[in-house]
1. Against the conditions (1) part of a loop (DSSP other than H, G, I, E, B); (2) at pLDDT 80 or above, where does Glu46 fall short? Just the number, please.
2. Are any residues in the range 25-43 among the hydroxyl-bearing types (Ser, Thr, Tyr) and outside any loop (DSSP other than H, G, I, E, B), and if so, which ones?
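The values are calculated or read from the model by the stated rules, or taken from the named source; none is laboratory data. Source: prediction; values computed, not measured.
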Amino acid sequence: MRGYAAPKVYRSFEEFERDELRKLDGLHVSIDEMLDEMFADELDFEPGEKKNRDDD
């Protein structure tokens, strides 16, 4: 027996949206914190330190 679960099929967008918003209520992280974490390596706010970038 395989461990694959069948994807949930929503009957309407409203049902999907309600389910997704309910899932997000369980997160204790703000959108800003999520974006900061995602782009932490790309953002550099330290003055005087510039990354070397090759302009082709």
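1. With (1) part of a loop (DSSP other than H, G, I, E, B); (2) at pLDDT 80 or above applied to Glu46, the lone miss is (2).
2. Answer for the range 25-43, where residues must be among the hydroxyl-bearing types (Ser, Thr, Tyr) and outside any loop (DSSP other than H, G, I, E, B): there is none.
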